[in-house]
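The values are calculated or read from the model by the stated rules, or taken from the named source; none is laboratory data. Only a predicted model underlies this, so the values are computations on that prediction, with no experimental measurement involved. All Cβ positions, even for glycine, are placed from backbone atoms using ideal geometry, and neighbour counts span all protein chains on display. Quick note on the areas: whole protein, heavy atoms, side chains included, nothing else; ligands and nucleic acids left out. Shrake-Rupley method; radii C 1.70, N 1.55, O 1.52, S 1.80 Å.
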Protein chains: 2
Amino acid sequence: MVQSELAVKAQHAKAAARRLAFTSTAVKDKTLEGIARGLEQDQGAILAANELDLAAGRAAGLSEAMLDRLLLNPKRLAGMAADVRSVAALPDPVGEVFEMRTLANGLQVGKKRTPVGVLGVVYESRPNVTVDISALCLKSGNAVILRGGKEARHSNRALADLVIRACDAAGVPEGAVQLIESTDRALVGEMLRANGLIDMIVPRGGADLHRYCIENATIPVITGGIGVCHTYVDREADLEKAVNIAYNAKVQRPTVCNALDTLLVHRDVAAQCLPMVAKRWATAGVEMRCDPRALEILQKSRGAEEHWKIRPAREDDFGQEFLSLVASIKVVDNLDEALDHIYRYGTQHSEAIVTEDYRAAMRFLNEVDAAAVFVNASTRFTDGGQFGLGAEVAISTQKLHARGPMGLKELTTYKWIVLGDGQVRP
Amino acid sequence: MVQSELAVKAQHAKAAARRLAFTSTAVKDKTLEGIARGLEQDQGAILAANELDLAAGRAAGLSEAMLDRLLLNPKRLAGMAADVRSVAALPDPVGEVFEMRTLANGLQVGKKRTPVGVLGVVYESRPNVTVDISALCLKSGNAVILRGGKEARHSNRALADLVIRACDAAGVPEGAVQLIESTDRALVGEMLRANGLIDMIVPRGGADLHRYCIENATIPVITGGIGVCHTYVDREADLEKAVNIAYNAKVQRPTVCNALDTLLVHRDVAAQCLPMVAKRWATAGVEMRCDPRALEILQKSRGAEEHWKIRPAREDDFGQEFLSLVASIKVVDNLDEALDHIYRYGTQHSEAIVTEDYRAAMRFLNEVDAAAVFVNASTRFTDGGQFGLGAEVAISTQKLHARGPMGLKELTTYKWIVLGDGQVRP
């Protein structure tokens, strides 16, 4: 029987994972250093491969933004090398023993951290993902099967070759990192059902990819990617902080999932706060889609010389992920209304309150159910690097296994270990 | 539009879960005490309902073993009450803040433990599961939708009514515990695809039920239930411990997933160890299916007066879960062969080594990948109660979210909490 590319690679991955689970930290770190050095020293082949992808992308009429996502250059490769070294510098999560205690019968029972096993990662155009994910998987002792977007296929191949050379040189089991060559979408379907070979699927892409994975996988899938994020300005907010936070959350990088989508403002401070936010947002050209109360305030307070892009919000402007310089605004009567709005429209990604009131802050922290809940800070901080994880494989918005940014620890599981001296169960 | 029973109940559950997430420990414990008291004091209705199930079971020709699984009596109800009180006595896992640290920019970032949300539990005949699961879910702040087996439906209804009365009396949000009335199997399929309403599915039953859930669910499923468990007697084993452990693991309760299926014995101690084990197992009538080397040893050493049930093993006697007084036996050349055998035939449930050799113990602990790995103890200890979790919802043999016995903590997830003072991302 001829096996598919996926079946062959998944079996290699599984065999590699068995040994990778107890490969030493020294070998793993040496591999990462090899990858980093390769990214600095062997740029020729990677840049040549990238040029092929860019040329194909130009020929296919990709947008400038898409081409920029594809682009590699010496500076970006150096940045990738630095990221790999920062993963190498993190402690190895594998082997940690925790919650160990001695039972009445003398058994010592606890948990020992282990890799998950084999990851399948499906991602889109950015070629740096090939290296980021490989580094995180190697350090956490997981084997990985990478399935990148076809626009980046020459770049991904060159980067994966570099990773695999570093693995070989350091003595990592063969098959630890593998790149799928086929761009046939059916192969993703096969990957999602490779029970017994792949332990976890991580999709990195838009809502469609996530939905496809949820619908079709029989393997656990880490879902995420969609963030409808709210910032609520409370009655007791420091309005200067509120304006800075709203500006940063919306403008610093509007195309990503942790950017602000909806600003909620307590009615008692709306008349003062909204014009301050509008003025600041206007400097970046943010379009504001306002509920009737917010609209009235902004229309009244707009000076003749101000170029505010304000217009009435439609119902579907709430609960929408804009991924651009657009925000919806709603005035709420109180904290309860803000909590209800977030419960109804949020996607459990990142939610923030701006307040100096202890009780409001505590209620928001306790009652909002999201991957990350902020008091007096920008939702843009929801990020593995920012949270101190070194890097991230994905941001999970589901509840099982891991939530929010997933770094090394989130790529592990545990086994119970039981140390006895002949104990039997009565 | 008329909604299905499941859709209506799942929406109630979701609404309840939102409030249950921050219901106080005092209210939750009061609910559990109410359940325990009800089990002690209101036995009439439960026993009457159970009598209906038993009568129907007898009429349907259920085996004595099945009828015994169904049976409730005052003593069993008292035992259930004691279990509920032991869950009440455990610390509330919800709200724990952990891994909290202050970043260079002054942000305090950490994790706060939260309930998973809504659980869907599909189980078979034992009615005590209705109470066990309800108690664990309530204490951990989760709402639950219970779908029991139809043989126990009157008993389950009476027990669920008791639980719901205790919830109402203590002020737990309505809808926290609900029992599905319909015995239509299509409803299980609907449950498995109730994304956005149910957060986690826990099947409790045989391999078929688990497979059905894996194949059909679009919600995360906790799988488990199957245990092909090995005990390896090393060259450096204390043979007295080995015999006691092998006896306990096979005989103490042979019908469960953590019972011994295969005994692996190092060739250097096989001639001494196997007759000792056979003699002890023979006292319980254990049938031994032996590989050629084990067979030869046992045939040679059997005394005329011994009634050992020994016969040659077939290939499929390895990797089989016997759930009865049958075990397969294999002589291995060394630890590596034992590890390979377990890797090939195990189901990542519970695996044990008997040895006094430090290096062999360490290698076994590190290299065997299973939910629970034992040194010098019986695999029968893989159990939430035995591990000090008070009780268990299930034993997971998958790797994501939780592994092994799942108690209160394993019914929780976390959210990142970020406490700032106006920080924005540079």
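Residues in region A:186-197 that are away from chain B (no Cβ under 12 Å) and either basic (K, R) or in contact with a helix residue (DSSP H, G or I) (Cβ under 7 Å, 6 or more places away or on another chain) (or both): A:L187, A:G189, A:E190, A:M191, A:A194, A:L197.
If the condition is being assigned to a loop (DSSP other than H, G, I, E, B) and polar (S, T, N, Q), then region B:176-188 contributes B:S182, B:T183. For region B:258-290, a tally of residues being touching a residue at least 24 places away in the same chain (Cβ under 8 Å) and surrounded by fewer than 22 Cβ atoms within 10 Å (Cβ to Cβ) returns 13.
With A:E5, A:E40, A:E96 as the choices, which residue is touching a residue at least 12 places away in the same chain (Cβ under 8 Å) and in contact with a strand residue (DSSP E or B) (Cβ under 9 Å, 6 or more places away or on another chain)? Even if it seems obvious, please write down each step before you answer.
Numbers: A:E5 fails: in contact with a strand residue (DSSP E or B) (Cβ under 9 Å, 6 or more places away or on another chain); A:E40 fails: in contact with a strand residue (DSSP E or B) (Cβ under 9 Å, 6 or more places away or on another chain).
The match here is A:E96.
From the list B:L32, B:L47, B:L52, the one residue that fits, being farther than 30 Å from A:A377 by Cα, open to solvent by less than 40 Å² (accessible area, probe 1.4 Å) and of a type in the set (A, V, I, L, M), is B:L32.
Residue-by-condition table, conditions (1) within 13 Å of chain B (Cβ to nearest Cβ); (2) under 22 Å from A:I395 (Cα atoms); (3) part of a strand (DSSP E or B):
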site	(1), (2), (3)
A:A237	yes, no, no
A:A242	yes, no, no
A:P254	yes, yes, no
A:D261	no, yes, yes
A:Q272	no, no, no
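Restricting attention to region A:231-254, the residues being touching a residue at least 40 places away in the same chain (Cβ under 8 Å), touching a strand residue (DSSP E or B) at 6+ places or on another chain (Cβ under 8 Å) and of a type in the set (D, E, K, R) number 5.
Scan region A:133-157 residue by residue and report those that are outside any helix (DSSP H, G or I) and free of Cβ contacts under 8 Å to residues at least 60 places away in the same chain. Walk me through it before giving the result.
Step one: list which residues in region A:133-157 are outside any helix (DSSP H, G or I), which gives A:140-149.
Residues satisfying the conditions are A:L146, A:R147, A:G148, A:G149.
Taking region B:198-223 as the range and being away from chain A (no Cβ under 13 Å) and in contact (Cβ under 8 Å) with a residue 60 or more places away in the chain as the test, the residues that pass are B:P203, B:R204, B:G205, B:G206, B:L209.
Could you pull out the residue among B:E236, B:E315 that is over 24 Å from B:H349 (Cβ atoms) and either open to solvent by 10 Å² or more (accessible area, probe 1.4 Å) or touching a helix residue (DSSP H, G or I) at 6+ places or on another chain (Cβ under 6 Å) (or both)? Give the steps one after another, and end with the answer.
On the way: B:E315 fails: over 24 Å from B:H349 (Cβ atoms).
Within the list B:E236, B:E315, the selection yields B:E236.
Taking into account only those residues within region B:9-46 that are among the β-branched types (V, I, T) and farther than 24 Å from A:V368 by Cα, which is farthest from the other protein chains (Cβ to nearest Cβ)? Ranking the qualifying residues of region B:9-46, first place goes to B:I46. Evaluating B:K150 against the criteria (1) open to solvent by 10 Å² or more (accessible area, probe 1.4 Å); (2) touching a Ser or Thr at 6+ places or on another chain (Cβ under 8 Å); (3) under 15 Å from B:D29 (Cα atoms) leaves one unmet condition, (3).
Okay, residues lined up against (1) open to solvent by less than 20 Å² (accessible area, probe 1.4 Å); (2) among the small types (G, A, S); (3) part of a loop (DSSP other than H, G, I, E, B):
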{"position": "A:L159", "(1), (2), (3)": "yes, no, no"}
{"position": "A:E174", "(1), (2), (3)": "no, no, yes"}
{"position": "A:E190", "(1), (2), (3)": "no, no, no"}
{"position": "A:L197", "(1), (2), (3)": "no, no, yes"}
{"position": "A:P203", "(1), (2), (3)": "yes, no, no"}
{"position": "A:D208", "(1), (2), (3)": "no, no, no"}
{"position": "A:T218", "(1), (2), (3)": "yes, no, yes"}
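Considering each of A:K300, A:K330 in turn, give the residue that is basic (K, R) and more than 29 Å from the chain's Cα centre (by Cα). Give the steps one after another, and end with the answer.
Values: A:K330 fails: more than 29 Å from the chain's Cα centre (by Cα).
Residue meeting the stated conditions: A:K300.
Might you check whether a residue that is assigned to a strand (DSSP E or B), within 14 Å of chain B (Cβ to nearest Cβ) and out of contact with any Leu (no Cβ under 9 Å at 6 or more places or on another chain) occurs anywhere in region A:76-98? Taking every residue of region A:76-98 in turn, at least one turns out to be assigned to a strand (DSSP E or B), within 14 Å of chain B (Cβ to nearest Cβ) and out of contact with any Leu (no Cβ under 9 Å at 6 or more places or on another chain). Scan region A:101-125 for residues that are open to solvent by less than 40 Å² (accessible area, probe 1.4 Å) and either aromatic (F, W, Y) or in a strand (DSSP E or B) (or both) and the total you get is 13. The conditions of being of a type in the set (A, V, I, L, M), within 22 Å of the chain's Cα centre (by Cα) and open to solvent by 50 Å² or more (accessible area, probe 1.4 Å) are met by A:A89. Take the residues in region A:126-147 that are closer than 16 Å to A:L187 by Cβ and hydrophobic (A, V, I, L, M, F, W, C), then tell me which one is surrounded by the most Cβ atoms within 10 Å (Cβ to Cβ). My answer is A:V144. Among the residues of region A:113-131, those identified as at pLDDT below 95, within 17 Å of A:L39 (Cβ to Cβ) and under 15 Å from the mean Cα position of the chain (by Cα) are A:R126, A:N128, A:V129.
Quick one: count up the residues across region B:191-236 that are acidic (D, E) and modelled with pLDDT of 95 or more.
The initial filter retains those residues of region B:191-236 that are acidic (D, E), namely B:199, B:208, B:215, B:234, B:236.
From the residues that got through so far, the ones that are modelled with pLDDT of 95 or more too are B:199, B:234, B:236.
Summing the residues that are acidic (D, E) and modelled with pLDDT of 95 or more in region B:191-236 gives 3.
From the list A:R58, A:R19, pick out the single residue that is in contact with a Pro (Cβ under 8 Å, 6 or more places away or on another chain), open to solvent by 20 Å² or more (accessible area, probe 1.4 Å), in a helix (DSSP H, G or I) and over 13 Å from A:L159 (Cα atoms). Of the residues listed, the single one that is in contact with a Pro (Cβ under 8 Å, 6 or more places away or on another chain), open to solvent by 20 Å² or more (accessible area, probe 1.4 Å), in a helix (DSSP H, G or I) and over 13 Å from A:L159 (Cα atoms) is A:R19.
The residues in region A:143-167 that are farther than 30 Å from B:L365 by Cβ and aliphatic (A, V, I, L, M) can be counted, and the count is 8.
Here are some residues: B:S134, B:S140, B:S125. Which one is over 30 Å from A:F364 (Cα atoms), in contact with a helix residue (DSSP H, G or I) (Cβ under 9 Å, 6 or more places away or on another chain) and of a type in the set (S, T, Y)? Talk me through it step by step, then tell me what you get.
Values: B:S134 fails: over 30 Å from A:F364 (Cα atoms); B:S140 fails: over 30 Å from A:F364 (Cα atoms).
One residue alone meets the criteria, B:S125.
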